[in-house]
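As structure tokens, the structure follows; a few thoughts come after it.
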Amino acid sequence: MNPEAQQDVSVSQGIRMMFYMMKPNETSFQTLEEVPDYVKQATPFFISLILLELVVSWILKGKPPGRLDDALTSISAGIFSRLPSLFSRSIELTTYIYIWENYRLISLPWHSPWTWYLTFLGVDFGYYWFHRMAHGGASTSHHHFPVARTEVNIMWAGHQTHHSSEDYNLSTALRQSVLQIYTSWIFYSPLALFIPPSVYAVHLQFNLLYQFWIHTEVINNLGPLELIINTPSHHRVHHGRNRYCIDKNYAGVLIIWDRIFGTFEAENEKVVYGLTHPINTFEPFKVQFHHLVYIWTTFWATPGFFNKFSVIFKGPGWGPGKPRLGLSEEIPEALSQVTLLLRVGFIILTLTSIGFLLDQRPKAAILETVRCLGFLMLYRFGHLKPFIPSLSFAFESSDLKLRAETLLTIVGCIPSTKLNRKRLSWAVNLPYALHQIEVGSN
Ligand SMILES: [Zn+2]
Ligand SMILES: [Zn+2]
């Protein structure tokens, strides 16, 4: 895209675009080159709203809206997902332009508000079906509408990233998948038969941006708006792994699609967030690709040609002899509150211990030893998952595994001994000293 041709959004537009409150006449463009990169320009608004949510959460609930490590993982996934766009136009646009240029039936006028509103509906409808097909897990519910349920494992491999956060706040919205657009484009491509790419490119961005603000717990109920639009309450249900939440509320902007096609569920009992099989990691690559790796290994481990293809195209819960979407009994119950509290406590203890080590406090060794023992206890009773998951693979079963973990823990404790604390201090101070020498010699 030619950056000169694009407009910068004003502050007023910036705020309104986060809620899809844009007017057709200010967001209609003749060519694709003129369409602003709204998502890129939204960065200061993402940050401002995240800070605002932090303040409001402190005032209303006396606590932050989530954990720092989870939030950082979400933000890094958001950055990760934008990386391919640095090299080329996204596949969502390239395929669209190709269809438009070669197969379009009619060309709706780019400047008409009718085209604008129709595209708004079309993109949101496409998102609903993409999202619904991408989802995993079996459901216990009955559907009122006779639409076949069609979750596809390979699509879930992309979308699951967004659901891997176990907190629910505005940062969760940024936890986006790098793989998702490689399947989502299919659902928007029918629009290319009649809607100009420049109109589509605007709504594709607004549809995504709208879904930012609904990722929050500080907004409860929005009254009659809940009937028509997707709200924080509806989308909380979508992120839940309580049984009643599974495979519900696929809406992007309008909740009416869920109401029409029988996938709507109102929020009632407290939602527990995250994947039914939590990934317990903050590694960015794992957050993005672990399910793809899972499909790969299951593909090779499943006997039979047709079974192998079912692994890719049926639901994630599927296995030979099981229904298309797997068995509902296999969805584990949500993590207990005790485990959650212990984990949060352990992370705080770890961060404090690191702070003590960096400060070189005399008590650091004691605190670090307590932390290591705490780790062993929590791990032994199943409240923590291994920090190096690949290692637990190698020592699967037998007490060899426990011995390996003890060894690792002891290695982890070594920095707390006097000798190594000194070394740590060198490691921190040496670059500083070198820098001083350099500055001095100039
Ligand atoms: Zn989803
Ligand atoms: Zn979401």
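When HIS290 is tested against the conditions (1) over 22 Å from the mean Cα position of the chain (by Cα); (2) away from ligand 1 (no atom under 16 Å from the Cβ), the lone failure is (1).
From the set of residues in the range 125-181 that are assigned to a helix (DSSP H, G or I), within 20 Å of the chain's Cα centre (by Cα) and away from ligand 2 (no atom under 15 Å from the Cβ), which is modelled with the lowest pLDDT?
ASN153
The single condition among (1) in the same structural domain as GLY158 (by TED's automatic domain parsing); (2) aliphatic (A, V, I, L, M); (3) under 27 Å from SER48 (Cβ atoms) that ILE246 does not satisfy is (3).
If you go through the range 183-209 one residue at a time, how many are away from ligand 1 (no atom under 16 Å from the Cβ), part of a helix (DSSP H, G or I) and not hydrophobic (A, V, I, L, M, F, W, C)?
Adding up the residues that qualify gives 8.
In the range 235-255, which residues are more than 11 Å from ligand 1 (Cβ to nearest atom) and within 23 Å of TYR117 (Cα to Cα)? Matches in the range 235-255: VAL253, LEU254, ILE255. The single condition from (1) part of a helix (DSSP H, G or I); (2) touching a residue at least 12 places away in the same chain (Cβ under 8 Å); (3) hydrophobic (A, V, I, L, M, F, W, C) that LEU105 fails is (1).
Annotation: of all residues in the range 221-248 being assigned to a helix (DSSP H, G or I) and farther than 19 Å from ALA173 by Cα, the one that is modelled with the lowest pLDDT is ARG243. Number of residues in the range 38-91 that are surrounded by 15 or more Cβ atoms within 10 Å (Cβ to Cβ) and outside any helix (DSSP H, G or I) equals 6.
Considering only the range 334-356, how many residues are in contact with an Asp or Glu (Cβ under 7 Å, 6 or more places away or on another chain) and at pLDDT 70 or above?
Of the residues in that region, 1 qualify.
State whether the residues of the range 108-117 include one that is under 19 Å from ILE255 (Cα atoms) and modelled with pLDDT of 95 or more. The answer is yes; a qualifying residue exists. The lone criterion from (1) more than 16 Å from ligand 1 (Cβ to nearest atom); (2) over 29 Å from TYR103 (Cβ atoms) left unmet by ILE214 is number (1). From the list ILE219, ILE229, ILE186, the lone residue that is of a type in the set (Val, Ile, Thr), surrounded by fewer than 21 Cβ atoms within 10 Å (Cβ to Cβ) and away from ligand 2 (no atom under 16 Å from the Cβ) is ILE186. For TRP257, the criteria (1) in contact with a His (Cβ under 8 Å, 6 or more places away or on another chain); (2) at negative phi; (3) in the same structural domain as LEU72 (by TED's automatic domain parsing); (4) not β-branched (Val, Ile, Thr) hold in every case but one, which is (1).
The values are calculated or read from the model by the stated rules, or taken from the named source; none is laboratory data. Note that the coordinates shown come from a computational prediction; the quantities given were computed from them, not determined experimentally. Every residue, glycine among them, receives a Cβ derived from its backbone with ideal geometry; neighbour counts consider all protein chains shown.
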